[in-house]
Amino acid sequence: MSRRFALPTLLAALCACSQPSLSNRPPDDGSDRGEIQQAQLPAYPRQGNLIQIYVSPTTTFRFFVDAASISVSEDDGPIRYTMVARSPSGAENLSYEGIRCNTLERKLYAFGRPDGTWSKARNPRWVPISEGQANRQRAALAADFFCPQGARVRTTDDALRMLRKGAYSGVAQ
């Protein structure tokens, strides 16, 4: 083989080897041990399924979890849920999220649109849950309901029981 063809052929072979195929790509960043890259989105939440959670005495927003959306994997994977954040004026933000108790991380999978559909997050990735006031709702959800005392709830029924037991008002208004 002439030198003129050897270099392009070698470069093409190296490029082909370095590109993972779509089917062999690890989910997300490889840290989810088999989690599906794009979580299946739940049905849009209904008012009657919302459970209000207590976040802090200083927050002006009210936070709700959609009971019908909660999913607890059997293999210590993330707990997924829909959260509704309601401002004092009644404006709502909806998000479909996940929490990993073993690393105290969260991921946003999608955001709710006003027309009742979901918009998938552009770059879903795991980030540490912060105790800061700005996003205290996720820290409260992890510490008080899904990962109490560092132990992850085992089933969806356990998660629902914890939410209902500690529900702030019990009824979304």
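For the reader, a short list of remarks on this structure follows.
- Theoretical FRET efficiency, 1/(1+(r/R0)^6), r = Cβ-Cβ of Gln149 and Ser56, R0 25 Å, to 0.05: 0.80
- On the beta carbon distance between Arg164 and Asn135, with R0 = 22 Å, the FRET formula returns roughly 0.40.
- Extension gain (nm, one decimal) between Asp115 and Gln40, 0.36 nm per residue minus Cα-Cα: 25.1 nm
- By average C-beta atoms within 10 angstrom, highest first, the peptides 93-104, 48-59, 65-76: 93-104, 65-76, 48-59
- Separation in nanometres of the label points that stand 7 Å from Cα toward Cβ, at Ser89 and Ser73: 3.9
Here, each number is a calculation from the coordinates, and none is a lab measurement. On a predicted model such as this, the values are computed, not experimentally measured, just so you know. Neighbour counts are summed over all protein chains in view; Cβ atoms, including those assigned to glycine, are modelled from backbone coordinates with ideal geometry.
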